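The values are calculated or read from the model by the stated rules, or taken from the named source; none is laboratory data. Keep in mind that what you see is a predicted model, and the values were worked out from it rather than measured. Ideal geometry is used to build each Cβ from the backbone, glycine not excepted, and the neighbour counts take in all protein chains shown.
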Amino acid sequence: MPSVSPPVSPPPTRARIALFATLAVLLLGAAALVITLSHDAGGQPPPTSTTSRAQHLAQLRAEAVAFAETFFNRDDAAAAAGDPRMIDDIYVPGTNLSKAVKKQIADRRAHGVVHVTKSHTEQVEVLSVDETKAEVRFLTIITDSVVKDIRTGKVTHRFGTGQRMWRLRLARIGGRWLVNALLADDSAEQGQGG
């Protein structure tokens, strides 16, 4: 019985090799483009397939709210301790605001006093948020605000109490929110006068 060999296909032509090479380059290029474009401007990796962009923004929004709720308590703690270094985890380093707050705390300490404030925050509202910045409005109610002598603890000056609307402009740095600007929100009071 004669043996039957399987049919032999001819070797690929140069045109076929060029076509396959071109397709491979296009696919690799497309993959590289998708990876490059999927990173946000802040260099953060994109949300995973299990975390949508909406979920990612919701997480950033929740973190901005939590930051605003504790902002004045942490700022006030630095002033009460007379320790300017405590604001490093609150403000964007090197901004005029950061420098001014540090100077105010250091100047009071140099005069032997600290500023002690008791307050709480309400009505936190995120006005805008993305991967690099957020703006938050909130109401702060001051229940006590005094200047005390560091050595004796004696109150040397008492400030008034009350409430005020504020706006925080936050920057996302190192995976956390920091204050870039703090503004009194007079628009909220103007809108209530009628």
For segment 99-106, does any single residue satisfy the condition of being surrounded by 15 or more Cβ atoms within 10 Å (Cβ to Cβ) and among the β-branched types (V, I, T)? yes
Looking only at segment 158-189, and only at residues there that are among the small types (G, A, S) and within 11 Å of the chain's Cα centre (by Cα), the one that is farthest from V65 (Cα to Cα): G174
For segment 50-72, pairs from a residue that is among the small types (G, A, S) to a residue that is modelled with pLDDT under 95, with Cβ under 9 Å and 6 or more apart or across chains, are A54/P47
Considering only segment 94-118, state which residues are in a loop (DSSP other than H, G, I, E, B) and touching a residue at least 40 places away in the same chain (Cβ under 8 Å). T95
Counting only residues in segment 143-169 that are assigned to a strand (DSSP E or B) and of a type in the set (S, T, Y), the one farthest from A181 (Cα to Cα) is identified as T156
Can you name the residue in segment 47-64 that is modelled with pLDDT under 95 and surrounded by 15 or more Cβ atoms within 10 Å (Cβ to Cβ) and is also farthest from R167 (Cα to Cα) among such residues? P47
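If a residue has to be in a strand (DSSP E or B) and of a type in the set (D, E, K, R) to count, how many in segment 119-134 make the cut?
Filtering segment 119-134 down to residues in a strand (DSSP E or B) leaves 119-129, 133-134.
Right, trim to of a type in the set (D, E, K, R) and you get 122, 125, 133.
Number of matching residues: 3.
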Suppose we filter F138, F67 for residues that are crowded, with 18+ Cβ neighbours inside 10 Å and either in contact with a Pro (Cβ under 9 Å, 6 or more places away or on another chain) or under 13 Å from W177 (Cα atoms) (or both); which single one remains? F67
With over 21 Å from the mean Cα position of the chain (by Cα) and either at pLDDT 95 or above or of a type outside the set (G, A, S) (or both) as the only criterion, which of R109, R137 stands out? R109
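One line per residue, one yes/no per condition, for (1) closer than 30 Å to L57 by Cα; (2) small (G, A, S); (3) out of contact with any helix residue (DSSP H, G or I) (no Cβ under 9 Å at 6 or more places or on another chain):
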position	(1), (2), (3)
F71	yes, no, yes
D76	yes, no, yes
G94	yes, yes, yes
V113	no, no, yes
V129	yes, no, no
T143	no, no, yes
V146	no, no, yes
